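Student: There's a structure below that I have some questions on.
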Amino acid sequence: EYARRANPRFGGSGGYNDYNVHDDERDSYNTDDDDNNDVRPSVYNYNAVLSGFMKAHCRSPEERYQLCIRIDELIAKMERLAEVGGEGSRVRPDHTSRGTAISAWAQCANLFRERRKKENHGRRSGDGSKEDRKWAASCAERACDHLLVAVEEWKRWGGSKTNNTNNGPRLPNIHTFNDVINAYGCALQPEQASEVFQLASDLQPTIQPDYISYVSLIDAFVDCASINVNSASRAEALLMEMVRKYSEEGTASVKPNRQAYNSVLAGWGRSSDPNSADRAHDLLTRLVDDYEKDLQQGENKAIRPNTTSFAHVMSKLSKLDGESTEKMEELLSKMEKMHEVRRARSSPGDYKTIAHVTPNVILYNMLLKAYAKRSRYDSKNALNAEKLFNRMNKLSQTGINTEATPDRYSYAAVLNAYSQSGLKDVGKKSLQILRMAFTGGAGKHN
């Protein structure tokens, strides 16, 4: 009951009352009075207290870290009591004890990552706060220590890859392994996360990596894509392994989905690999081709791309110095066609089969800015910017795609393209664009 009330939903005090209950039970355990045998604590009592600590509300990641330290201290006391033997074996830490500690440390590591993301204005990649990375790394190491102890205890008591039902310690399940993988991802340590993933793979068929295992490791590499040139490639290799296991071996537990593809596309978008734009474009093309083939056959088995899938690639292409406008035009045109298909097939039955792809003003502006950047070298880019701008107005005014309504960045990009193009009538065209902006010719502008 104290452990349950440690949860802030029940007005808990942060788990500290749980620790006092543990002390009371330990005093009862240490007494020689036979009448107290029925109240001697068992591992189940200790696990309830550990659960209370894990659920306790904390005001900061540092406070959560200290609470996790308390969990480790309690498990250490359980180990010392178990070493005495006899009745002390009743409190030997089991797979639930280790799993609770691992989950607590993984949650703590995630809190440090969330704070680092806020300091980086929501970006997942980059070094972030070195101090927060250090804290998260400490959490991951402590979680991994518990996992390794649990695995070693399982092996020492006769556990094997085909038997997890012996009377001794049980092997932690795959969710516990996933917690450690995620903790290392929070610390931007994908190589250590990969080692834990490999440990789980070596223990097959007792346990085997599932979808969460793969996606957690993919995210660990993606988060480091901007600081490690090989990270995006490693992430894509894991995705292709998921595809192979599902399509060729029929392993349903690792079935890839759109989230996995979008994570890899985001990794290529952040990567400094010179071929990253081509790799991202090729992966997106493969995803779209499989979807369209599946749509024609009516099988509804392929993964449906969404607007985010295209946005990652468009953003990467827009940052290139070389000629990339043709690929961006191709992707934007593809998005418009997919949007038309969605509008034509908007019945409730088509909701789960049609890709939700809508080119918005942000994506149009990416291409407009790319035209503006290259208009100084070729005046045709300024004309292309004008055509695209007019198309955005038409889509918005006709109601085909209201998300394409030009904003102030659209106007600025077109004017910038004109100013650098060297066209003879650039002044006249710029004045027309400005009049549209002030008269609201294209709708509401911000």
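Student: Would you mind pulling out the separation of the Cα centroids of segment 94-109 and segment 200-229, in Å?
Tutor: Between the Cα centres of segment 94-109 and segment 200-229 lies a distance of 19 Å.
Student: Here is a further query. Quick check on segment 257-387: take the gyration tensor over C-alpha atoms, sort the square-rooted eigenvalues as a ≥ b ≥ c, and tell me if it's rounded (a/c under 1.5), prolate or oblate. Could you put the intermediate results ahead of the total?
Tutor: Details: a/c = 2.61, a/b = 1.54, b/c = 1.70.
Cα axes put segment 257-387 in the oblate bin.
Student: Please state the Cα pair-distance histogram of segment 162-249 with 10 angstrom bins from zero: what percent is in each bin?
Tutor: P(r) over segment 162-249, rounded to whole percents: 18, 46, 27, 9, 1.
Student: Count neighbours as other Cβ atoms within 10 Å of each site's Cβ, and list the GluC sites (Glu not before Pro) in segment 205-293 that are DSSP loop with at most 16 such neighbours.
Tutor: Details: sites: 236, 241, 248, 249, 292; in loops: 248, 249.
Filter output for segment 205-293: 248, 249.
Student: Same structure, new question: Report ³J(HN,Hα) in whole Hz for each residue of segment 197-203, in order, from the Karplus equation J = 6.51 cos²θ - 1.76 cosθ + 1.60 where θ = phi - 60°; Gly and Pro get x.
Tutor: Computed from phi, the couplings for segment 197-203 are 4, 5, 4, 5, 5, 5, 8 Hz.
Student: Let me make sure I get this right: for segment 217-300, a, b and c are the square roots of the gyration tensor eigenvalues over alpha carbons, sorted descending. Under 1.5 in a/c it's rounded, otherwise prolate if a/b > b/c, else oblate. Which is it? Don't jump to the answer; show the numbers that get you there.
Tutor: Values: a/c = 2.70, a/b = 1.55, b/c = 1.74.
Here segment 217-300 falls in the oblate category.
Student: A further question on this structure: Go through 118/245; 293/369; 327/387 and tell me which ones have a Cα-Cα distance over 28 Å in this structure. Kindly include the intermediate steps, with their values, before the conclusion.
Tutor: Details: 118/245 36 Å; 293/369 33 Å; 327/387 17 Å.
Flagged as over cut-off: 118/245; 293/369.
Student: Count neighbours as other Cβ atoms within 10 Å of each site's Cβ, and list the GluC sites (Glu not before Pro) in segment 310-395 that are DSSP loop with at most 14 such neighbours. Write down the numbers at each step before the final one.
Tutor: Details: sites: 323, 326, 329, 330, 336, 340, 386; in loops: 323.
Listed in order of number, the matching sites are 323.
Bear in mind these aren't lab numbers, they're just calculated from the coordinates by the rules spelled out. This is a predicted model, so every value here is computed, not measured. Cβ coordinates were reconstructed from backbone atoms using ideal geometry, including for glycine residues, and neighbour counts include every protein chain displayed.
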